[in-house]
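The structure appears right after this line, and notes come after that.
The values are calculated or read from the model by the stated rules, or taken from the named source; none is laboratory data. Just so we're clear, the structure is a prediction, and the values are computed from it rather than from any experiment. Cβ: placed from backbone, ideal geometry, glycine included. Neighbour counts: every protein chain shown. When the accessible area is computed, the model is the full protein with side chains, heavy atoms only, and any ligands, DNA or RNA have been set aside. Shrake-Rupley method; radii C 1.70, N 1.55, O 1.52, S 1.80 Å.
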Amino acid sequence: MNSFARHHRAWPPAVQAVERRVATAGRQSRSSAERQIKVAAQRHGRLAEHLAVLGLVLRGYRILARRCLMPAGEIDIIAVRGQRLTFVEVKHRASWREADQAVRARQTARLHRAAAQWAAARPFYSEHERGFDSMLVVPWCWPQFRQDALQPV
């Protein structure tokens, strides 16, 4: 605290106005930076989903839906190969360990509920075996496909 603030209880109105402008500018730049980070994360997520789709197609899966929104939640990718219907959760992180740990039990339960809703609306797939898989994407590496990685606890 400077000597003026110690000896005077309130700053002059002109100083208070400058202080408010500086504080507001700081908040605006912070929210702008947060928005930029969020947009970049969304771009990385979309890129990771594109890579996951490519990896699934190369494994012989046919993509039925991407970013499928159900009342229970979102399913990143729905694919089928033969009689196996798979619901895939895509995780993009900086390392394999972080990506593997990013899939939580709560997300797995949400994915199972959303998959049940999706399958109930499409009786054609009622006889298919269901799989709950994950696709882990790390920068500069080929995506890792983990079959049956998202089983309920």
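A few remarks follow.
- Of the candidates H92, H112, the single residue that is at pLDDT 80 or above and either among the β-branched types (V, I, T) or touching a Phe, Trp or Tyr at 6+ places or on another chain (Cβ under 8 Å) (or both) is H112.
- Strands (runs of 3 or more DSSP E) wholly inside segment 38-129 containing at least 2 residues that are within 16 Å of R146 (Cα to Cα) and open to solvent by 30 Å² or more (accessible area, probe 1.4 Å): none
- Within segment 130-146, considering residues that are without any contact (Cβ under 8 Å) to a residue 60 or more places away in the chain, open to solvent by 50 Å² or more (accessible area, probe 1.4 Å) and part of a loop (DSSP other than H, G, I, E, B), the one farthest from E89 (Cα to Cα): W140
- In the set R67, R81, R122, only one residue is closer than 22 Å to A41 by Cα and of a type outside the set (S, T, Y); that residue is R67.
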